[in-house]
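Just below is one structure, and these are the notes that go with it.
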Ligand SMILES: Cc1cc2nc3c(=O)[nH]c(=O)nc-3n(C[C@H](O)[C@H](O)[C@H](O)COP(=O)(O)OP(=O)(O)OC[C@H]3O[C@@H](n4cnc5c(N)ncnc54)[C@H](O)[C@@H]3O)c2cc1C
């Protein structure tokens, strides 16, 4: 067992982990280590060869690899220690990490830990799609890995179920590589991905988007031969008699992303069922002191720009927790809960009065809409928004007056249509 | 033309058990398996339960071979390095009528020689297994669990190490008997054999029909399962069965812990028209969850990580009650053809005893002389996830591939994938890797490991991407390279 003592250990070398590590370095942490299980840094960015990254952050539209490179270079300049092809197999409440790589086992004792493990894709069984079990069924991200990183083509005639961003991007990618993309099928009455991707990836390429539809059966003994799609009712139940068979050899699944938190659970970090990620305070500290979370393992983001901003904050907080600067301890904690029209809010806890930024997601598309934050009977903020959709995270700053904070009333966030 | 003394048709647990038993002797044996690996049908898709013998009528072959197989299991599994756990099972009664059924099951079990049976009241059950909801239960301590595919693979690989020839992706398509010899026609050419063992599972009738008019029918009956995430392993430690539904010939939908720490819900029972229709259906998924919750109400709806189905090869139709005994016999019309028919549950449990039975018949046909070179023990298969920290460090020092985890959910290393791909049977599909080392069996269902395994297949085993398959001869994963121009025949 190789022993390591570090200030900040970041688990995951994707965009969140890199931004957190760079920021920890900038805020004075001397020994920062990033532990990454892949042989590369940047997480899924290197396989996202399309552009559209960094628009909000830098004003330029970069490709995934370009965006990642910026942070990789910053990390190298900051002398951040990088452990590649290294899998963390244990995380303890006392911030001890056990990791393994080809040099052996490592015991990393960290003063603070940043969780940045990202997310995984929902599978066929997560959505309980029945039928046979042939080859030719891929999650969109895996297909993207094969096509863009390994130069391998996954199929010729493709149906995509789910209109998440990776699925939309892959529809265009497959089309560009000569495959026929028969349709993108979405169970909801609106697309789950960003509007710009619907336009640029489907409409511009004449790929039909079938809303209120889902895949209800898969046929094919060895390779996929056909899928059945059905229309769904208001409760997302397939409507009998609306079945249509589509011949294809490939089914791509873009059914949503699940934050990866097996390690968090191991360390007894409390998980919010709504986000699937740790519940954190405004400094992004989890329920376990000294363990912070950011990126898609905290909650699934729509763009990397917002994610990097959040991750930098986690890196900064991880340092402040060691040096105790800027950390005034308050006994009181108030909870932030999603109310009407809101699926989730991050952070879930606030432990000081003053300015706080909330990130939230709408339950369904609404326009126009009023965003309201209340504490008990008191209204803290009312803001008109042009629209709210589940695919676009809403970020809002609020100020919690000390008196309100002292009352310990939970903050409720609502979107009223 | 290649000649073998014994040709076994089917590389399921039955064909593989017989092959392994025969490999003790100085005889030449070949196994024909149409799938890309052994355990490609029922033997990989069942509950993995080592039954006790309480469910078969006294004096039936099923009862005798089940109890005998159960007793043989521990030492066989030990020799082969296959895991078994004697977790025991509860047959739970929901009402007074069912309590009376438990008494009946207990009597049958006792007359079959099953030890340790005990009827518990509600409190007694709760004490052992707090999540079960019932009025009472029969406790069956001698029921256990194993990994059915690991067992089949271990039997086959051990047989191969002892010189049995396994021909995968080789389907028997014709059989003739002439001048005391069988001519076996396969998709990979013709072979000669003195004895043919028909262990083709649900296809056993097709094999018989190549030689004579079969005196039986096979009624395929599908059983579907749901697999729950390992994080729910706390649901139950023992198996939980309902009182068997009457006149169905099946045991009902039960909750079974797997040897790897998942929970299985199933199997359903549906008579189907096609032998190979291993689909899963929405109806069954809903019904499995419903039935499971009747016995263990805390079973969650959203923890399913996989679903699969297996086909029971029944010799009795639904109309006839769905129950018929095993048949293990030499054909009267075609001497030298040994038929193993109707091996549905408890076929996995009985497999070691069925093999012994078959060897008894074969010994009457050809001379079986024990060979000195037989190795009964299979080299231990190491698993990174099962090793202690100190062992892990040592393994990595010996081969750094032990330190490269390529399956995150099940913590499988590159070395284990490489070992799996180097198996003595020559099976090289994604599934053959999965069933040997568990890469791809976790909650992400291959999302993380598949690209790694493909890389290893390409770089370390020289496989062309278009030859990489999921599980069967035509289940190709890829259509070629990106922007590659290929001639399509
Ligand atoms: C849903 C279900 C649950 C069960 N649960 C249990 C349990 O918990 N405990 C228990 O003891 N038993 C159980 N069983 C029974 C057990 O699984 C079977 O009895 C056992 O697997 C049968 O093995 P087999 O070798 O006869 O058949 P199979 O495993 O089906 O093997 C037959 C093989 O023959 C091959 N084959 C067929 N035709 C040809 C041909 N022409 N040429 C070449 N190869 C051919 C097939 O590809 C196949 O691999 C269950 C069965 C099912 C279906």
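The values are calculated or read from the model by the stated rules, or taken from the named source; none is laboratory data. Just so you know, these numbers come straight off a predicted model, no measurement behind them. Neighbour counts are summed over all protein chains in view; Cβ atoms, including those assigned to glycine, are modelled from backbone coordinates with ideal geometry.
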**Q.** residue B:321, sole failed condition from (1) in contact with a helix residue (DSSP H, G or I) (Cβ under 7 Å, 6 or more places away or on another chain); (2) at positive phi
**A.** (1)
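Mind telling me which of the residues B:349, B:334, B:390 ends up being assigned by TED's automatic domain parsing to the domain that holds residue B:176 and away from the ligand (no atom under 14 Å from the Cβ)?
B:334
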(Q) Residues that are within 22 Å of the chain's Cα centre (by Cα) and in contact (Cβ under 8 Å) with a residue 24 or more places away in the chain: list the strands (runs of 3 or more DSSP E) wholly contained in segment A:305-406 that include at least 2 such residues. (A) A:334-338, A:342-346, A:354-362, A:394-400
Q: Sort out which residues of segment B:130-139 are within 22 Å of residue B:100 (Cβ to Cβ) and out of contact with any helix residue (DSSP H, G or I) (no Cβ under 7 Å at 6 or more places or on another chain), and write them in order of number.
A: B:139
Q.
Going through B:342, B:364 one at a time, which residue ends up being surrounded by fewer than 23 Cβ atoms within 10 Å (Cβ to Cβ), over 30 Å from residue A:106 (Cα atoms) and not assigned by TED's automatic domain parsing to the domain that holds residue B:232?
A. B:364
Q: Return yes or no: is residue B:301 within 13 Å of chain A (Cβ to nearest Cβ) and either part of a strand (DSSP E or B) or in contact with a helix residue (DSSP H, G or I) (Cβ under 7 Å, 6 or more places away or on another chain) (or both)?
A: yes
Q.
Whether any residue in segment B:204-222 is more than 13 Å from the ligand (Cβ to nearest atom), in the same structural domain as residue B:354 (by TED's automatic domain parsing), closer than 20 Å to residue B:3 by Cα and buried (at least 20 other Cβ atoms within 10 Å of the Cβ) is what I want to check.
A. no
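Residue-wise test of (1) outside any helix (DSSP H, G or I); (2) away from chain B (no Cβ under 14 Å); (3) at pLDDT 95 or above; (4) within 18 Å of residue A:267 (Cβ to Cβ).
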position: A:3; (1), (2), (3), (4): yes, no, yes, no
position: A:18; (1), (2), (3), (4): no, yes, yes, no
position: A:37; (1), (2), (3), (4): yes, no, yes, yes
position: A:52; (1), (2), (3), (4): yes, yes, no, no
position: A:72; (1), (2), (3), (4): no, yes, yes, no
Q.
I'm checking my understanding of the structure. Among residues of segment A:149-172 that are touching a helix residue (DSSP H, G or I) at 6+ places or on another chain (Cβ under 6 Å) and within 14 Å of chain B (Cβ to nearest Cβ), which one is modelled with the lowest pLDDT?
A. A:166
Q: Output the residue which, of all residues in segment B:31-71 that are away from the ligand (no atom under 11 Å from the Cβ) and out of contact with any helix residue (DSSP H, G or I) (no Cβ under 7 Å at 6 or more places or on another chain), is farthest from the other protein chains (Cβ to nearest Cβ).
A: B:59
Q. Within the bounds of segment A:119-132, is there any residue that is buried (at least 22 other Cβ atoms within 10 Å of the Cβ), more than 9 Å from chain B (Cβ to nearest Cβ) and either without any contact (Cβ under 8 Å) to a residue 60 or more places away in the chain or within 28 Å of residue A:263 (Cα to Cα) (or both)?
A. yes
Q: Filter segment B:307-321 down to residues that are surrounded by fewer than 21 Cβ atoms within 10 Å (Cβ to Cβ) and away from the ligand (no atom under 12 Å from the Cβ), then give me how many there are.
A: 6
Q | Hits in segment A:236-277 - residues which are more than 20 Å from the chain's Cα centre (by Cα) and loosely packed, with under 14 Cβ neighbours inside 10 Å | A | A:236, A:237, A:239, A:240, A:241, A:243, A:244, A:245, A:247, A:268
